[in-house]
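The block underneath contains the structure these notes are about, expressed in structure tokens.
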């Protein structure tokens, strides 16, 4: 994915010389520029410096007639010292061998130079052997592009950082007393280190991030402390980036979805490693989303990226609910499969999604197929988009301003009914809200638990509780601490924390920025949703229809709904004060009502009556009429 962070060197100010200015000033300026370039390419120039130093030392040894055994002894001590130092620093064995071989080659050359001088062919031998030994070094410290730098950090042990840590952080009274920085590696823009605690676990180090940064004299956003990749509780990883690459916009330049794995790149961490977002898991089904953040935190741009990935995937269909009438995602209004702009339209969309869920369940339960052992089997209990056995695509439903949509009791009941069952039939929910608290999710633990188990993205928030609630304590981070602006005044939109299957780093990340969402909304080949017949289903009943042919409406909807609601109210009124089992009620209504209402009609009547408060659900499949329901029934009878 072309999400390189653009980096440009600041332009050098050029000022004309003032009258009487010393002529030496341009020379000093040139010297400073030369030193700056030398420092920038110091690692690439290091082998040349070593070869040059060796060549200079040879004549000196020859001039003073240094004995060969003294040179050999000095070289042996140097080789041993190099081996020991690199061993203590836990550097790879091939690097230790390379260092020792280089010292040995230089020693042998100096022995010959001390004995016979540096005449021909000595310089040629030094250049040839030195050049060959320098090749691994130059390859390691070659000038890489941004993608390579992100994937392969440049390792280099550094005593300076360890000393600063010992004197400022691990000292008596420091943020992490008696901690140790075991090793340090240089990464693009700063350094990273692996630390060890002698007391407590790594959450203690994470919570002390700001104090550590203050002790090291860093700015906000320049230090990140997170658990190590291996998950050891007594270790932690610290990342110090004085020039944080996340301060530059991360551009999203095109789809990255791997359809075999169901994973795309959502953005980048501070060390420029990719943030992997899982749309679905083959053989398991889609993964639900929870996206939250305050105003101007980047929620809409994040959704636009995900919609673009879905549109260009070939295996995912997108539907959107936007109660702001299309203002949230204007470029996508006419370019997704379905776009609901009001609560009423949201009810219709979710109701149809529920029907599709039951129809798909019936289809997949009835499918016959042959496994790899040649056995004839019936039913598929898992979902993979585009599976040739069923040919179904994944349906992704994005609910923007979820707190408003789920605040409607009908919409909330529909989502609650579906969200725990839709993964097996390929329907995904993406909830977008400012505050990920229970009240913003319809006060439904069912909905909250379902989305919290999937992809959770929390951008900058306005309160400290949001991150703790959204991540269920899995990430000890504080999205409220993210700055509203970077020091240069640029926006921090897209900056946040991400927790998902296979992506659980407690490290700041930034979502890729979609510069032209309209282009991605109007291109790409989008598959069609399968037609289906409205199923005859109940909450606890198996589907009795199959998705064959287009959906049709043969009854007058309003009359059917009225008949179903009156039948439900009458039955519950006859059992006033008792807990009525749904299955018994449905059987009685269908047996004693002419014409008998469809099971789908009764199910909808139950949902609507609960939403209006005319009946109440007191348990799974148990209902009871309320005083409001009795009043309506009396009014109808009158």
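The values are calculated or read from the model by the stated rules, or taken from the named source; none is laboratory data. Given the structure is predicted, the values throughout are model-derived calculations rather than measurements. A quick note on method: Cβ atoms are made from the backbone with ideal geometry, for glycine too, and the neighbour counts reach across all protein chains shown.
Side notes on the structure shown:
- Residue count, segment 598-638 (criterion: in contact with a helix residue (DSSP H, G or I) (Cβ under 8 Å, 6 or more places away or on another chain), part of a loop (DSSP other than H, G, I, E, B) and more than 15 Å from residue 570 (Cβ to Cβ)): 3
- Across segment 235-253, the number of residues qualifying as assigned to a loop (DSSP other than H, G, I, E, B), in contact with a strand residue (DSSP E or B) (Cβ under 7 Å, 6 or more places away or on another chain) and surrounded by 15 or more Cβ atoms within 10 Å (Cβ to Cβ) comes to 4.
- Residues in segment 385-394 that are modelled with pLDDT of 90 or more and part of a loop (DSSP other than H, G, I, E, B) were compared, and the one that is farthest from residue 529 (Cα to Cα) is 385.
- Matching strands (runs of 3 or more DSSP E) fully within segment 259-374 where at least 3 residues are closer than 18 Å to residue 509 by Cα and in the same structural domain as residue 418 (by TED's automatic domain parsing): 263-269, 274-278, 289-292
So that you can scan it fast, the table gives a plain yes or no per residue for (1) touching a helix residue (DSSP H, G or I) at 6+ places or on another chain (Cβ under 6 Å); (2) at pLDDT 90 or above:
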{"residue": "272", "(1), (2)": "yes, no"}
{"residue": "295", "(1), (2)": "no, no"}
{"residue": "298", "(1), (2)": "no, no"}
{"residue": "305", "(1), (2)": "no, yes"}
{"residue": "311", "(1), (2)": "no, yes"}
{"residue": "322", "(1), (2)": "no, yes"}
{"residue": "331", "(1), (2)": "yes, yes"}
{"residue": "341", "(1), (2)": "no, yes"}
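- Any hit, segment 378-390, residues being out of contact with any helix residue (DSSP H, G or I) (no Cβ under 7 Å at 6 or more places or on another chain), in contact (Cβ under 8 Å) with a residue 24 or more places away in the chain and crowded, with 20+ Cβ neighbours inside 10 Å: yes
- Residue in segment 46-64 that is touching a helix residue (DSSP H, G or I) at 6+ places or on another chain (Cβ under 8 Å), farther than 21 Å from residue 130 by Cα and part of a loop (DSSP other than H, G, I, E, B) present: no
- Residue 191 vs. criteria surrounded by 18 or more Cβ atoms within 10 Å (Cβ to Cβ) and within 30 Å of residue 519 (Cα to Cα): no
- Count - residues of segment 443-488 that are modelled with pLDDT under 85, crowded, with 23+ Cβ neighbours inside 10 Å and under 17 Å from residue 430 (Cα atoms): 1
- When residues in segment 170-191 are screened for being closer than 27 Å to residue 247 by Cα, part of a strand (DSSP E or B) and modelled with pLDDT under 85, 7 of them pass.
- Residues being closer than 15 Å to residue 566 by Cβ, over 44 Å from the mean Cα position of the chain (by Cα) and surrounded by fewer than 20 Cβ atoms within 10 Å (Cβ to Cβ) - total across segment 599-631: 3
- Filter pass, residue 64 being closer than 30 Å to residue 126 by Cα and at pLDDT below 75: no
- Subset of segment 168-188 that is surrounded by fewer than 20 Cβ atoms within 10 Å (Cβ to Cβ) and closer than 20 Å to residue 230 by Cβ - its residue that is nearest to the chain's Cα centre (by Cα): 185
- Candidates in segment 49-74 are the residues that are touching a residue at least 60 places away in the same chain (Cβ under 8 Å) and under 50 Å from the mean Cα position of the chain (by Cα); of these, the one that is nearest to residue 38 (Cα to Cα) is 50.
- Of the residues screened, residue 229 is one that is farther than 20 Å from residue 495 by Cβ, within 16 Å of the chain's Cα centre (by Cα) and not assigned by TED's automatic domain parsing to the domain that holds residue 387.
- Annotation note: Cβ proximity below 8 Å between a residue of segment 509-532 that is at positive phi and a residue that is surrounded by 12 or more Cβ atoms within 10 Å (Cβ to Cβ) and not in a loop (DSSP other than H, G, I, E, B) (sequence gap 6+ or interchain) occurs for 524/311.
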